[in-house]
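Q: First the structure, then my questions, so here it is.
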């Protein structure tokens with residue numbers, strides 16, 4: 001009976017977790033880098049580790065495909081099974097340097113810029129409502145002035161249900177390989193590195209979202225580049 005109880009608990013834990021295994025127009029892990037242990041659906045919890053960039057071991061891996069997306073167009077990530085935990089949704093991009101491709105670059109350095117963030121809405125005594133909670137897919141728009149070229153696109157959802165202590169926030173991360181087309185000539189920024197962009201004690205990462213009910217929330221990381 002104890003063994004069965006343990007197995008049921010593990011199954012429930014895995015169900016509560018989720019991955020982002022594909023983008024629109026591709027199959028799972030075709031244009032998204034498959035990270036080590038993806039079958040567990042487990043999160044990253046230490047922002048000081050390289051895992052915070054593209055998930056466990058994914059910085060040094062490549063996906064089989066690189067998907068083409070026009071500047072100003074949309075890229076949609078599928079969530080599997082769905083986004084379960086309360087918390088913010090964020091998206092970053094990093095332009096691949098000359099001499100590299102999206103398939104063979106590791107995303108190192110101060111190269112990442114944020115293109116999207118979505119925090120909660122506030123309901124007074126009702127607490128916080130997180131718009132992404134329960135979604136099975138999430139679309140993002142590539143800023144229209146994004147310069148053409150290869151990029152890594154990083155989706156991040158942060159579960160804050162256990163974030164009242166250090167390293168309690170749970171990061172659900174994937175990196176897709178994309179080629180942006182068009183004639184954009186913007187200058188994306190501010191640029192940050194992963195690891196480096198976050199500290200475990202950032203107010204958006206270490207907080208109790210239940211009591212006392214927060215009256216404001218600031219997403220971690222840099223400002224959003226509007227493009």
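Q: Can you say whether residue 226 is closer than 21 Å to residue 53 by Cα and either assigned to a loop (DSSP other than H, G, I, E, B) or free of Cβ contacts under 8 Å to residues at least 60 places away in the same chain (or both), as far as the supplied structure shows?
A: In short, no.
Q: Still on this model: Do the conditions hold for residue 218, that is, is it assigned to a loop (DSSP other than H, G, I, E, B), touching a helix residue (DSSP H, G or I) at 6+ places or on another chain (Cβ under 8 Å) and surrounded by fewer than 20 Cβ atoms within 10 Å (Cβ to Cβ)?
A: So residue 218 fails the test.
Q: Evaluate the range 201-212: report whether one residue or more is in contact (Cβ under 8 Å) with a residue 40 or more places away in the chain and touching a helix residue (DSSP H, G or I) at 6+ places or on another chain (Cβ under 8 Å).
A: no
Q: Just need a number here: residues in the range 81-99 that are over 18 Å from the mean Cα position of the chain (by Cα) and farther than 21 Å from residue 52 by Cβ.
A: 2
Q: On to the next question. Among the strands (runs of 3 or more DSSP E) contained in the range 51-146, which hold 1 or more residues that are closer than 24 Å to residue 163 by Cα?
A: The qualifying strands (runs of 3 or more DSSP E) are 74-80, 89-95, 112-118, 137-141.
Q: Being surrounded by 17 or more Cβ atoms within 10 Å (Cβ to Cβ), touching a strand residue (DSSP E or B) at 6+ places or on another chain (Cβ under 7 Å) and over 12 Å from residue 93 (Cβ atoms) is the filter here; which residues of the range 136-146 pass it?
A: The one that is surrounded by 17 or more Cβ atoms within 10 Å (Cβ to Cβ), touching a strand residue (DSSP E or B) at 6+ places or on another chain (Cβ under 7 Å) and over 12 Å from residue 93 (Cβ atoms): 138.
Q: Give the residues of the range 156-193 that are part of a loop (DSSP other than H, G, I, E, B) and in contact with a strand residue (DSSP E or B) (Cβ under 6 Å, 6 or more places away or on another chain), sorted by residue number.
A: Matches in the range 156-193: 169, 182, 188, 189, 191.
Q: Related question: Considering every residue within the range 21-40, establish whether at least one is modelled with pLDDT of 95 or more, part of a helix (DSSP H, G or I) and touching a helix residue (DSSP H, G or I) at 6+ places or on another chain (Cβ under 6 Å).
A: The answer is no; no qualifying residue exists.
Q: Kindly indicate which of 168, 149, 107, 119 is modelled with pLDDT of 95 or more, in contact with a helix residue (DSSP H, G or I) (Cβ under 6 Å, 6 or more places away or on another chain) and crowded, with 16+ Cβ neighbours inside 10 Å.
A: 107
The values are calculated or read from the model by the stated rules, or taken from the named source; none is laboratory data. The shown structure was predicted, so the numbers you read here are calculated from the model rather than taken from an experiment. Cβ coordinates were reconstructed from backbone atoms using ideal geometry, including for glycine residues, and neighbour counts include every protein chain displayed.
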